[in-house]
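Let me begin by presenting the structure, written as structure tokens, before commenting on it.
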Amino acid sequence: MGNGLFITGTDTGVGKTFVTCGLAAVLSESGYRVGVMKPAETGCDGGDGKLVPQDALALKAAAGCELSLEKICPYQFREPLAPSVAAEREGRRIDIERLMDIYREISAAHDITFVEGAGGLMVPLVPSYTYADFASVLKLPVIVIAANKLGVVNHLLLTLEHASCKGLRVLGYVLNRLEPAASLAAESNREALLSLTAVPCLGELSYAGVAAGATAAVGAALDSKFLAALLPRR
């Protein structure tokens, strides 16, 4: 499977960081050198004029890597907007070539590297250049994280369709339950999707595991064959 993987979502707030941290922790605890990267993070206002990239901090801790936050997350912005919009409002410019160079540097130094996007595949890093374009140029296979709720069938299928249009190889999707109340949609989404896409469901995460912040729940919930295939060859 190579040594790089791109994690995207059907929307913002669907659990991309949680799942990425879980995968990073599983491999790190197995003795692998795990690299992580969040090309751009917005909504980093930590108060007192400080930028605090919470997602990047969580990724760094889960992977146990010694990379600096500036390397893991080269572009940090205060406002919670699409990276291209946040950069424009701050009078800054995201350099795609720089991001690619940083990814290659991280990837070369680790057994596997997880790259986490922002929002979904069509979110722009710069005008007319999306995360889908970034993953495509780097030839990164993709995992899609989807909130297991009413509406996810449409959101997921649209994401998978766009990935196909961009020539991306999607390894599978993860259904992540973010609501405490049981719903008929959450209980039936996985079965409904089986007849609508050949892309495999890699697992379902329960609300309890997510609410507790237990990244170990990711390893327990995901398909064991997928996790075995994910392990880098030595």
Complete set of residues in the range 45-93 that are closer than 23 Å to Gly31 by Cβ and of a type in the set (Asp, Glu):
Glu66
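Looking at this structure, is Gly219 touching a residue at least 24 places away in the same chain (Cβ under 8 Å) and either farther than 28 Å from Ile106 by Cα or surrounded by 11 or more Cβ atoms within 10 Å (Cβ to Cβ) (or both)? Quick ask: steps written out before the conclusion?
Numbers: touching a residue at least 24 places away in the same chain (Cβ under 8 Å): yes; either farther than 28 Å from Ile106 by Cα or surrounded by 11 or more Cβ atoms within 10 Å (Cβ to Cβ) (or both): yes.
Yes, satisfied.
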With the first residue restricted to the range 179-192 and required to be closer than 19 Å to Gly13 by Cα, and the second required to be open to solvent by 90 Å² or more (accessible area, probe 1.4 Å), Cβ contacts under 6 Å at 6 or more apart or on different chains are Ala185/Leu150
With the requirement that a residue be of a type in the set (Asp, Glu) and under 19 Å from Arg92 (Cα atoms), what does the range 30-56 give you?
Glu41, Asp45
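Scan the range 107-114 and give yes if some residue there is part of a helix (DSSP H, G or I) and not polar (S, T, N, Q), otherwise no. Explain how you work it out, then say what you get.
Here is the first cut: in the range 107-114, the ones part of a helix (DSSP H, G or I) are 107-108.
If we keep only those that are not polar (S, T, N, Q) too, we end up with 108.
Within the range 107-114, one or more residues are part of a helix (DSSP H, G or I) and not polar (S, T, N, Q).
What are the residues in the range 1-30 that are open to solvent by 30 Å² or more (accessible area, probe 1.4 Å) and within 11 Å of Gly117 (Cα to Cα), if any?
Passing the criteria: Asp11, Thr12.
Pick out the one residue from Ala163, Ala186 that is open to solvent by less than 40 Å² (accessible area, probe 1.4 Å), more than 24 Å from Leu140 (Cα to Cα) and at pLDDT 85 or above. So that I can check it myself, show each step before the final result.
Numbers: Ala163 fails: more than 24 Å from Leu140 (Cα to Cα).
None of the other options fit; the residue is Ala186.
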Take the residues in the range 193-219 that are of a type outside the set (A, V, I, L, M, F, W, C) and at pLDDT below 70; name whichever of them is farthest from Val153 (Cα to Cα).
Gly213
Sort out for me the strands (runs of 3 or more DSSP E) sitting completely within the range 124-234 that have 2 or more residues that are under 30 Å from Arg92 (Cβ atoms).
124-126, 142-147
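Just to verify a result, which residue in the range 62-121, among those that are of a type in the set (D, E, K, R) and touching a residue at least 60 places away in the same chain (Cβ under 8 Å), is surrounded by the most Cβ atoms within 10 Å (Cβ to Cβ)?
To start, the set of residues in the range 62-121 that are of a type in the set (D, E, K, R) comprises 66, 70-71, 78-79, 88-90, 92-93, 95, 97-98, 101, 104-105, 111, 116.
Now drop any that are not touching a residue at least 60 places away in the same chain (Cβ under 8 Å), which leaves 111, 116.
Numbers: Asp111: 18, Glu116: 28.
Applying the filter and picking the extreme gives Glu116.
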Are there any pairs, at least 6 apart or on different chains, whose C-beta atoms fall under 9 Å, with the first in the range 46-60 and under 15 Å from Thr215 (Cβ atoms) and open to solvent by 60 Å² or more (accessible area, probe 1.4 Å) and the second part of a strand (DSSP E or B) and at pLDDT 95 or above, and if so, which?
Gln54/Glu41
Residue check, Gly13 against (1) in contact (Cβ under 8 Å) with a residue 60 or more places away in the chain; (2) in a loop (DSSP other than H, G, I, E, B); (3) under 23 Å from Arg104 (Cα atoms), all met but one. Which one?
(3)
Selection count where residues are closer than 17 Å to Tyr207 by Cα, free of Cβ contacts under 8 Å to residues at least 60 places away in the same chain and aliphatic (A, V, I, L, M), scope the range 169-178
1
Of the conditions (1) surrounded by 15 or more Cβ atoms within 10 Å (Cβ to Cβ); (2) over 27 Å from Thr42 (Cα atoms), Pro141 clears all except one; give me its number.
(2)
Can you find even one residue in the range 34-45 that is in a loop (DSSP other than H, G, I, E, B), open to solvent by less than 50 Å² (accessible area, probe 1.4 Å) and on the phi > 0 side of the Ramachandran plot?
yes
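The values are calculated or read from the model by the stated rules, or taken from the named source; none is laboratory data. All values derive from a computational prediction rather than experimental measurement. Neighbour counts run over all protein chains shown; Cβ positions are idealised from the backbone, glycine included. Heavy atoms of the whole protein, side chains included, go into the accessibility calculation; ligands, DNA and RNA do not. Shrake-Rupley method; radii C 1.70, N 1.55, O 1.52, S 1.80 Å.
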